Structures are given as C-alpha cells and as structure tokens.
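Taking it in order: structure first as structure tokens, then the write-up.
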Amino acid sequence: MSEYDLICDLCLRSMAPADGTDSWVRDERGEHAFALTHKGCVPPAATAREEVRRLIWPNEFLRSVTDRFGHRLVDPEPLRAIVSALAPFVHRPDNGMEMDALRAAAFGAVLGVSPARSRTVSQVSSTGSGK
C-alpha cells in the first residue's frame with residue numbers, strides 16, 4: 001500500500017481517486033455521515049456526493065471545503081479525515097489533474113477513459129483492428 005492510497009470507508013479496500021466518491025447526509029440537523037468510498041459503496045442514506053476525481057483539483061478541493069463552512073456539521077471528524085486523506089493528492093507538485101481534465105473535457109472526453117474503449121464493437125470490426 002502506497003502512502004497515497006485512499007481507503008474506502010465501507011469495504012476498506014484501496015481505491016484510485018477516479019473511483020472514489022465523497023458522500024454525506026444533509027438534513028435539518030446539518031451535514032453528517034461523511035464517507036470516502038468507491039462509487040459502488042456509497043451509503044444509501046447519503047443525500048449529497050462529489051466525485052473524488054474532481055475533489056483533487058485544487059480549486060474544487062477549496063470550493064468543497066469552504067462550502068462546508070456554510071452548513072452546520074453534526075460530527076466534523078469524518079470530514080477532517082477526508083480532507084486530510086485528499087490533501088496529499090491536491091498539493092502534490094505533479095498534480096496536473098485539473099488542467100488535464102479540462103483539456104479532455106474540451107474534446108468531449110473524460111480524463112482517464114481511452115477513446116478506443118468507448119468505441120463500439122461494430123466500429124472496431126469495420127476498421128479491421130482494435131486500434
């Protein structure tokens with residue numbers, strides 16, 4: 001396990017930022033039940049969520065954290081743990097995720113998804129190759 005591994009709060013397995021979701025419950029009491037999980041492990045009670053792949057962008061990280069200031073936090077400890085877990089990804093000097101994702105979006109793509117993977121079987125067979 002690397003020092004930069006994110007661990008799912010529910011299944012306790014390692015996950016990549018592209019596979020993660022930050023979720024929580026927002027109700028009349030405030031915000032609570034923060035969880036950092038795989039997309040498929042999000043608790044059913046969660047009423048709000050954000051993709052971790054976006055939260056490691058410096059601007060999105062700051063926006064998300066400052067948005068929490070506007071709400072009552074019932075139990076702030078899980079949120080503190082999530083902020084601490086994501087901070088190394090945000091502050092790494094080689095973090096180009098935000099610019100790379102914006103460049104990909106400019107072409108109608110999603111960062112990390114190969115255009116070849118999104119091709120249909122008929123497209124691949126008509127070209128005669130998988131490339």
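Miscellaneous remarks
- Relative packing of peptides 43-53, 28-38 - highest average C-beta neighbours within 10 Å first: 28-38, 43-53
- For region 1-73, the Cα gyration tensor yields ellipsoid semi-axes of 21, 16, 9 Å (square root of five times each eigenvalue, largest first, whole Å).
- Placing pseudo-labels 7 Å out from each Cα toward the beta carbon at R26 and S84 gives an inter-label distance of 2.6 nm.
- Solvent-accessible area per residue for region 1-80 (1.4 angstrom probe, square angstrom): 57 Å²
- Label point distance in nm, I7-H91, each placed 7 Å from Cα along Cα→Cβ: 2.1 nm
- Sorting R13, R54 by solvent-accessible area of protein heavy atoms yields R13, R54, largest first, with a 1.4 Å probe.
- Using heavy atoms of the protein chains and a probe of 1.4 Å, the accessible area assigned to D9 is about 80 Å².
- Placing dummy labels 7 Å off each Cα toward the beta-carbon, the span from S14 to V42 is 2.5 nm.
The values are calculated or read from the model by the stated rules, or taken from the named source; none is laboratory data. On a predicted model such as this, the values are computed, not experimentally measured, just so you know. Methodologically, a virtual Cβ is constructed for each residue, glycine included, from the backbone with ideal geometry; neighbour enumeration extends over all protein chains shown. In case anyone asks, the SASA skips ligands and DNA or RNA and just uses the protein heavy atoms, side chains included. Shrake-Rupley method; radii C 1.70, N 1.55, O 1.52, S 1.80 Å.
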